[in-house]
Amino acid sequence: MNFIKHSLAVLGIIAAPVFAAGQVSISIDAGKPGPVINKNVYGQFAEHLGTGVYEGMYVGTNSNIPNTRGWRNDVVGALKELHVPLVRWPGGCFADSYHWRDGIGPQDKRPSNVNGGRVDEINAVGTHEFFDLIDMLGTEAYINGNVGTGSVQEMSDWVEYMTSDGGSPLARLRAQNGRDKPFKVAYFGIGNELWGCGGNMKPGYYANLYSNYEHFLRAPEKARPKMIAAGGDTSWTEVLSKELKDRTSGISIHQYTIPSGIWEVKGKTLGFKEDEWISTLAAASKMDQIIKDHLAVLDKNDPEKKIGLMIDEWGTWYDEEGRSGLYQQNSLRDALVAALSFHIFHEHAERVPMTTIAQMVNVLQAMILTDKEKMVLTPTYYTFQMYVPFQDAKTLPLAIKDNTSYTLGSTTIPGVSASAARAKDGKLYLALVNTDPSKPVEVAVNVAGTKVKGAAGKVLTSAAMDAHNTFEQPQAVKPAAFSARAAGGKLAIKVPAKAVIVVSLEE
Ligand code: AHR
């Protein structure tokens, strides 16, 4: 009986114990809501890379895998649960070698092209198929155009093809291909990583190119996508924010989390030791300083705050094991990376209106892994699911007192990370992360001016740092119910080691 009680308490299913000495305390000021967390902060990225699109999501109408117009029913169904607000497509590096005309018209007449050195781009997924996915998910589209090997005319034609509402030859071509109404393009990216795979350019050169491209991107006034300039390090933000004022809605940056910090030997996906646990979480936490560095430049060059900072590629990147195409397993460690990143994005909600994690399925820090007809949801998937209430929620000021720290060797990171917001359903949500892989931590929660009666939600944790789901054991890591009741007018939440918790507070 005691054993059962203990186990349930570890999972947080029964009431958490009351206060202890040396407790971390969190104070939330619910009376002073801050900026809204744009739901697009929870965006996703789907690139034609490996099995990210083909097999992972699109199997074609002749497949034995149950599908709707070629899109896998199991994958689409699971993604719907995440309320995905935005999908970036078709790349990445792929975008700068993608020619949109190859992907329209009858599928059997479309050419095959070389992608990443192999002839494996069959163009079965083109503009119309992508927007079919967008419609099924009830999400918005972020299209990334081709600067590297395209032309101003080609990009201008694509935007017109998608957004023009009639009359133009390209709108007629779209109608001939089965779509009368224009597609809605929320964001349009002008190239990708121009400093590297997009063309090895200097920022000043790209700024001129961007202006030229952007000038000819014609869309009806009301349907004009938000244009995004592809940035790089802060020297790029410096040039782009000066040169592209009034021509761009955002500058995008990419920030990957690599356990070793070295691209050549990044680190293991599974079976890693504690040094790679802490180095990964420490690397993910650097996102905060990176955003601050870019925002310092933006604040100087764009004090009117017209330009957003979009982090349109982020997530973990490990050494490839087994399968190619940047396929990697995903463990509890990835769930914590996602949660810590969300807290940082919430902190910068005013200036970071959009991010897209790399990537949606089978590539890098994915939500979903597939192997032919099999599908499994990753710990990262569950983190996104737990944080759905934060989409379009109002941030609330939160202070952490007497935080623990977690140290291994020469690395120290904060023990507890937290974020609070008032969601659209009116409830106050609190998210907590305990980075320590061995020690639980007790957190006292105080909401100014309110007596909190309790908390209820979900906890995601496991016994091993690299706990993960496989096709054979798909339920090894998944959220469990969590609740805590206030005692003596005070609420204490016991956060297990290496855990993510999201709860709504009973006010
Ligand atoms: O997400 C994988 C690749 O990483 C993208 O194609 C590229 O933009 C980045 O370097």
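Cα axis of helix 234-243 to longest principal axis of the chain: angle in degrees, 0 to 90, nearest 10?
50
Residue by residue through region 66-78, what is 3J(HN,Hα) from phi via Karplus (6.51 cos²θ - 1.76 cosθ + 1.60, θ = phi - 60°)? Round to whole Hz and write x for glycine and proline.
x, 8, 10, 6, x, 8, 4, 5, 5, 5, 4, x, 5
Write down the accessible area per residue of the chain in Å², having rolled a 1.4 Å probe over the full set of protein chains. The partial results should precede the final answer.
Details: 20320 Å² over 507 residues.
In whole numbers, the chain has 40 Å² accessible per residue.
Cross-link partners among aspartates and glutamates for residue 451, C-alpha distance below 18 Å, same-chain residues fewer than 8 apart left out?
Within the straight-line cut-off, residue 451 pairs with 29, 506, 507.
Under the rule of -39500 (n - 2.57) per DSSP H run of 4 or more residues, summed and divided by the residues of the chain, what mean residue ellipticity at 222 nm is obtained, to the nearest 500 deg cm²/dmol? Could the numbers behind the result be given before it?
Numbers: 11 runs with 123 residues, N = 507.
The per-residue figure over the chain is -7500 deg cm²/dmol.
Please report, to one decimal in angstroms, the Kirkwood hydrodynamic radius of region 160-254 built from all distinct Cα-Cα pairs.
Numbers: mean 1/r = 0.0699 Å⁻¹.
Hydrodynamic radius (Kirkwood, Cα pairs) of region 160-254 is 14.3 Å.
Given C-alpha coordinates of region 339-420, what is the ratio Rg to Rh with the Kirkwood estimate of Rh?
Numbers: Rg = 15.9 Å, Rh = 15.2 Å.
Over the Cα atoms of region 339-420, Rg/Rh equals 1.05.
With no solvent and one equal point scatterer placed on each C-alpha of region 353-507, evaluate the Debye formula and give log10 I(q)/I(0) for q = 0.12, 0.13, 0.18, 0.19 Å⁻¹, two decimals.
Ignoring solvent entirely, the Cα scatterers give -0.59, -0.68, -1.19, -1.28.
With all pairs of different alpha carbon atoms counted, what Kirkwood hydrodynamic radius in Å does region 144-205 show?
Values: mean 1/r = 0.0776 Å⁻¹.
Kirkwood hydrodynamic radius for region 144-205: 12.9 Å.
What percent antiparallel are the DSSP beta bridges of the chain, to the nearest 5? Don't skip to the answer; put the middle values down first.
Values: 56 of 95 bridges.
Approximately 60 percent, going by the DSSP bridge assignments.
Please list, in chain and number order, the residues 5+ apart from residue 30 or on another chain whose amide H is under 5 Å from its amide H, with Hs placed from the backbone.
So residue 30 has HN proximity to 448.
Region 249-397: D in µm²/s via Stokes-Einstein (Kirkwood Rh, Cα pairs, 37 °C, 0.692 mPa s)?
203
What does the convex hull of the Cα atoms come to per residue for region 26-110, in Å³? Intermediate values should be presented prior to the final figure.
On the way: hull volume 14.4 nm³, N = 85.
Considering the Cα atoms of region 26-110, their hull volume per residue is 169 Å³.
If you take the square roots of the eigenvalues of the alpha-carbon gyration tensor of region 309-376 and sort them as a ≥ b ≥ c, do you get rounded (a/c under 1.5), prolate (a/b over b/c) or oblate?
Details: a/c = 2.38, a/b = 2.19, b/c = 1.09.
Note, shape of region 309-376 comes out prolate.
Accessible area of region 39-391 with a 1.4 Å probe: how many percent of it is carbon plus sulfur? Could the numbers behind the result be given before it?
On the way: 6520 of 12970 Å².
Roughly 50 percent of what the probe reaches on region 39-391 is carbon or sulfur.
How long are the semi-axes of the equivalent ellipsoid of region 39-391, defined as square roots of 5 times the Cα gyration tensor eigenvalues? Whole Å, largest first. Don't skip to the end; give the middle numbers.
Details: eigenvalues 168, 142, 65 Å².
Semi-axes from the Cα gyration tensor: 29, 27, 18 Å.
Taking the Cβ of residue 37 as the centre, find all other residues whose Cβ is under 15 Å away and add up their charges (Lys, Arg: +1; Asp, Glu: -1). Intermediate values should be presented prior to the final figure.
On the way: positive: 39, 351, 394, 422, 424, 427; negative: 347, 350, 392, 425.
Net local charge, residue 37 excluded: +2.
Out of residues 5 or more away from residue 47 or on other chains, whose amide H comes under 5 Å of its own, with H placed 1.01 Å from N in the peptide plane?
Residues meeting the amide H criterion: 360.
If one computes the Cα centroid of region 471-485 and of region 36-78, what distance in Å separates the two points?
Taking the Cα centre of region 36-78 as reference, the centre of region 471-485 is 24 Å away.
Would you pull out the residues with amide H under 5 Å of residue 140's amide H, same chain only if 5 or more places away, H placed 1.01 Å from N?
Counting only residues 5 or more places away or on other chains, the set is 86, 87.
For the chain, find the longest principal axis of its Cα atoms and tell me its angle to the long axis of helix 203-215, 0 to 90°, nearest 10.
60
Using a Förster distance of 41 angstrom, determine the FRET efficiency expected from the C-beta separation of residue 401 and residue 224, and round it to 0.05. All intermediate terms of the calculation are to be shown ahead of the outcome.
Values: r = 47 Å, r/R0 = 1.15.
Once the sixth-power term is evaluated, E becomes 0.30.
The values are calculated or read from the model by the stated rules, or taken from the named source; none is laboratory data. Not measured: the values here are computed from a predicted model. Every residue, glycine among them, receives a Cβ derived from its backbone with ideal geometry; neighbour counts consider all protein chains shown. The area values use the complete protein model at the heavy-atom level, side chains included, leaving out ligands, DNA and RNA. Shrake-Rupley method; radii C 1.70, N 1.55, O 1.52, S 1.80 Å.
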